[in-house]
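For reference, the structure discussed in these notes is given below.
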Amino acid sequence: MPIAKALTIAGSDSGGGAGIQADLKTFQELDAFGMSVITALTAQNTLGVHGVFPQTLEAIEAQLEAVLSDIGADAVKTGMLFSPEIISLVAQKLTEYKVSNIVVDPVMIAKGGASLLQEEAIRALIDDLLPIATVITPNLPEAAKILGIEEMKTLDEMKEAAINLHKLGPKYVVLKGGHLMNGPAIDLLFDGETIYELRTERIETTHTHGTGCTFAAAIAAELAKGSSIKSAVETAKAFITAAITSSLAIGGGIGPTNHSAYRRLREE
Ligand SMILES: Nc1ncnc2c1ncn2[C@@H]1O[C@H](COP(=O)(O)OP(=O)(O)O)[C@@H](O)[C@H]1O
Ligand SMILES: Cc1ncc(COP(=O)(O)OP(=O)(O)O)c(N)n1
């Protein structure tokens, strides 16, 4: 069987817990061949983001061309895209190369509070990227920003938001409930007809750096292997739950999740 090829288009996290590094580790753990297009370098560790250095459009386009014109991708995951110009370029290239499984994680703000997306880029995200997305994976603050509403606090508000996000054009919406205070960690999958709930116990830990990146990358890896969206999201939920359960208390701040935990669990 040919190897599934997964491409991440995202920012680099020097601390290794989020961004390109989290995505490539996740692809590897789920048996997909990982490739990368780096949109920005961040000087980052468990204490926060200490610098953001966007790459030139020329550098980003050269990386996209190199990968897509030769190797191709069975699925693409986008993360930190930073500016309206980068978003438009990425959308144009994914359309030109007819990429069929596009997972858009609309990264906006890191857990420490640093901005990873310019305010003026939200319009480009909505106009250029959401309509071509197979699935979008916003967290609650990101969903609220896209919809121009107050942040959701209840499951009913989350359901309404998932329906409204779907109207912006993606084929599927996964609304992540990691930011809901208290109670289980509930994510919603909406396919345009049915809302599915994915529930796990909330794990008591502060070490959750890179949860969103890892979850979206796992969905991309599974779609690249030919899974249905429902099965891809279920596997991603199991993957991130295992990764948070044995997250790593390294550094002095918010530590990363453990990308090899899911495989280890399955080998036991
Ligand atoms: N403390 C936790 N316990 C269990 N699952 C969690 C926890 N925090 C986040 N998750 C899960 O991790 C995934 C990423 O969600 P979230 O943290 O909301 O994303 P982001 O990193 O983009 O803010 C979701 O599946 C969410 O339910
Ligand atoms: C380079 C880079 N990309 C994305 C993020 C945000 O990652 P996320 O998975 O949402 O996790 P937190 O940063 O919120 O813990 C990032 N920090 N860096």
Completion exercise
Result of the Cβ filter at 6 Å on region 176-187, keeping first residues that are closer than 15 Å to Ile240 by Cβ and partners that are basic (Lys, Arg) and surrounded by fewer than 17 Cβ atoms within 10 Å (Cβ to Cβ), at least 6 apart or interchain, is Pro184/Arg199; Pro184/Arg202; Ala185/Arg202; Ile186/Arg199
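Residue under question is Thr214, and the condition is that it be assigned to a helix (DSSP H, G or I), of a type in the set (S, T, N, Q) and more than 12 Å from ligand 2 (Cβ to nearest atom); does it hold? Spell out the reasoning first.
On the way: assigned to a helix (DSSP H, G or I): yes; of a type in the set (S, T, N, Q): yes; more than 12 Å from ligand 2 (Cβ to nearest atom): no.
No, not satisfied.
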Problem - Odd one out for Leu130 among (1) over 27 Å from Ala91 (Cβ atoms); (2) among the aliphatic types (A, V, I, L, M); (3) in contact with a Gly (Cβ under 7 Å, 6 or more places away or on another chain) - result: (1)
Problem - Residue in region 190-202 that is within 14 Å of the chain's Cα centre (by Cα) and more than 16 Å from ligand 2 (Cβ to nearest atom) present - result: no
Completion exercise
In region 38-73, residues that are assigned to a strand (DSSP E or B) and not hydroxyl-bearing (Ser, Thr, Tyr) total 13
Handout entry: Qualifying residues in region 122-152 (those that are in a loop (DSSP other than H, G, I, E, B), touching a helix residue (DSSP H, G or I) at 6+ places or on another chain (Cβ under 9 Å) and aliphatic (A, V, I, L, M)) - the one farthest from ligand 2 (Cβ to nearest atom)
Key = Ile149
Practice task
Answer with yes or no whether Gly210 is at positive phi, within 9 Å of ligand 1 (Cβ to nearest atom) and in contact (Cβ under 8 Å) with a residue 12 or more places away in the chain.
Solution key: yes
Exercise for the section: Identify, by number, the condition in (1) among the charged types (D, E, K, R); (2) under 19 Å from Gly169 (Cβ atoms); (3) not in a loop (DSSP other than H, G, I, E, B) that Glu85 doesn't meet. Expected result: (2)
Practice task
Looking only at region 52-90, count how many residues are over 17 Å from Met108 (Cβ atoms) and in contact with a Ser or Thr (Cβ under 7 Å, 6 or more places away or on another chain).
Solution key: 2
Handout entry: Only one of Thr56, Thr39 that is within 19 Å of Leu89 (Cα to Cα), without any contact (Cβ under 8 Å) to a residue 12 or more places away in the chain and away from ligand 1 (no atom under 16 Å from the Cβ)
Key = Thr56
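Just so you know, all these numbers are worked out from the coordinates, no wet-lab data involved. Bear in mind that the values here come from a model prediction, so they are computed numbers and not experimental data. Note that we place each Cβ from the backbone using ideal geometry, even for glycine, and neighbour counts take in every protein chain shown.
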